[in-house]
1. Got at least one residue in segment B:20-41 being of a type in the set (Asp, Glu) and surrounded by 15 or more Cβ atoms within 10 Å (Cβ to Cβ)?
2. Scan segment B:28-67 for residues that are at the interface with chain A (Cβ under 9 Å from one of its Cβ atoms) and outside any helix (DSSP H, G or I) and jot them down.
3. For the list (1) touching a residue at least 40 places away in the same chain (Cβ under 8 Å); (2) in contact with a helix residue (DSSP H, G or I) (Cβ under 6 Å, 6 or more places away or on another chain); (3) within 12 Å of chain B (Cβ to nearest Cβ), I need the number of the one condition that A:PHE245 fails.
4. Can you tell me which residues in segment A:368-390 are under 14 Å from A:TYR354 (Cα atoms) and buried (at least 20 other Cβ atoms within 10 Å of the Cβ)?
5. Any residue in segment A:190-219 that's without any contact (Cβ under 8 Å) to a residue 12 or more places away in the chain and within 17 Å of A:GLY293 (Cβ to Cβ): show its pairings with residues that are among the hydroxyl-bearing types (Ser, Thr, Tyr) and in a helix (DSSP H, G or I) at Cβ separation under 9 Å, as long as the two are six or more apart or on different chains.
6. Of the residues that make up segment A:249-272, is at least one farther than 22 Å from A:VAL80 by Cα, charged (D, E, K, R) and within 14 Å of chain B (Cβ to nearest Cβ)?
7. Quick check, is A:ALA67 in contact (Cβ under 8 Å) with a residue 12 or more places away in the chain, under 18 Å from A:PRO311 (Cβ atoms) and surrounded by fewer than 22 Cβ atoms within 10 Å (Cβ to Cβ)?
8. Helices (runs of 4 or more DSSP H) wholly in segment A:13-99 with at least 1 residues that are of a type in the set (Phe, Trp, Tyr) and within 14 Å of another protein chain (Cβ to nearest Cβ) - which ones?
Amino acid sequence: MLAGIDYFIVIAYIIGMLLLGLYFKKFVNSSEDYFLGGKSLPFWAIGMSIVVSDIGALDFVGVSGQAYRYGISVGNFDWVGSVPAMLLAAFIFIPYFWRGGMYTIPEYLGRRYNQKVRTIASVTWILFFALDLGVLFWASAVLLNVLMGWPIWISIVATAGVVGLYTYFGGITAVIMTDVVQFIIMFIGGFALVFLSLYEVGGWDNMVDKIATMGPEYRNHFDIIQPQDTKSPFPWTGILFGLTFVMANAYMIGNQSIVQRCLTAKNEWHAKASMIFGSALKMFIPILVLFPGLMAVVVHPGLEDGDQALPMMIKSILPPGLVGLMFAAFFAGLMSSVDSLLNSTATLFTKDIYEPFIKKGADDKHYLKVGQITTLVLLLIGVATSPISSDFPGIYVAIQTFMSYFQGPIFAILLLGIFWKRTTEWGGLSALVIGIGFAIYLNVFKEQFFTIEDPFLYISWWSFLLGFIINVVVSLLTKKHTEEQLKGLVFSSKILVENKKL
Amino acid sequence: MFNFDWLSGVSQETAKMIFLSLYALIGLLVLLLPTEYVYQGIAKEDRHWWNNLKLWSIAVLCILASIYNHF
């Protein structure tokens, strides 16, 4: 379905990304440059990078498909599922991490609780990221194969080669600055599709009227708040308790690949501003990924598989040239996700595993080299393991869902860790272990406990709540930390008062 | 209990008001932050209304609230 101009645009995009990424090699002289960009980056670049790394090629298709099936309520994930959490991160958590000179979230957990909590959290993220890499490669390549007729191994090798080279040499600076271009490409491609689709359906109001007449199953298609007894996975109770209170916060505050970007900011204001700017940009994401799915209901009614909505819209709406731009946007989504996984996992391994357990006190160049080699090894593992995904259909969704079960307990210990001085190392450790165990238990026996088809929002809430309670109870029963141990790790009004004196 | 059945009597309109109230509460908390704190990192002479992060946050929350109010 691609014309010559489309191939030209996609190939020019890939080569452009490689050259841009390699340009940043000259700024990497230390491990801080590699993992934290020398703490020199501006808020706008970080904000764009946060947004674009959060959305991959699979999300374009998946979210459009869900919008086709369930309507506008899917937008909750980028609206209420992002903005409040990003404001909380900007004003409370990020300043603490930035001032503390931290590299990783588990590093904070290690200082606040103990080394065991740090290691469990870090190993969990490393395993997830490493597994996700191969699965992401394969699932995205299959998608590009279906959409573009592009051979699977060309997609994988092209992405791995380009992303691997610039991430290996340029570190997080290359990751963030290429993300900026990827963000722009994604927005241009996405908005082109939205505007042309709107024209095709005769405008927004016309589309709403047409969908309203299509039958009772479309009755709630434009209700962002779904009733508690909806059969969709997005009842308002799940959106409020599971998404807004737990998963969104856990993702924006406890996810290494998000937070690490803010830690590269040139000063505290830029660190805070990057999150708030990112939250503003986030509000446009549903327009890009959700609206095409809604409009497909009018243009291509009755699709058996909602995930066909976006590909059908691209085929029927976009002219040559813009098709190429849209596929460049898909590649942008894939590349930004892969480079984030690579750099964050290399940081977690080097700082939380290698430095404390394998070689303490080595010189900085050594850790820089370890970070680069880890990036390379991860990339090779990702490429080598990617075909395994083809033997396990649904593994991508399974891994994402599985990770969502860790979010509740991790957020419980982060929240209590920063807001409650009385929280102890044993409280944190037991909350993490028991909370994760409970989430797994609820998942295994979900048919017995839940009535909706995919209760991941409810599971994250209940595992958070149990983790929270366990943390409080065990902390009250164990020896509290000294003021000296807690210095700079727990939120207090002093941080605000002290600033007044500056 | 796990399915929040005890909230089944809450209408969609009331639920929407809960979300809008949440945004208003967050906005209020943001406004309560000391101005010095939100400017931290910028030299005193470079502080202007357009780099006041409280205003940025309130703008984002207003847009978010208008989306939820509309849909």
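1. Scanning segment B:20-41 turns up at least one residue that is of a type in the set (Asp, Glu) and surrounded by 15 or more Cβ atoms within 10 Å (Cβ to Cβ).
2. Across segment B:28-67, the qualifying residues are B:LEU33, B:PRO34, B:GLN40, B:GLY41, B:ILE42.
3. (2)
4. A:LEU368, A:VAL370, A:GLY371, A:THR374, A:THR375
5. Between residues of segment A:190-219 that are without any contact (Cβ under 8 Å) to a residue 12 or more places away in the chain and within 17 Å of A:GLY293 (Cβ to Cβ) and residues that are among the hydroxyl-bearing types (Ser, Thr, Tyr) and in a helix (DSSP H, G or I), the close pairs are A:ALA212/A:TYR218.
6. yes
7. Answer is no for this residue.
8. A:43-53, A:57-70, A:94-99
The values are calculated or read from the model by the stated rules, or taken from the named source; none is laboratory data. Since the model is a prediction, treat every value here as computed from it, not as a measurement. Here the Cβ is made from the backbone with ideal geometry for all residues, glycine too, and neighbour counts use every protein chain on show.
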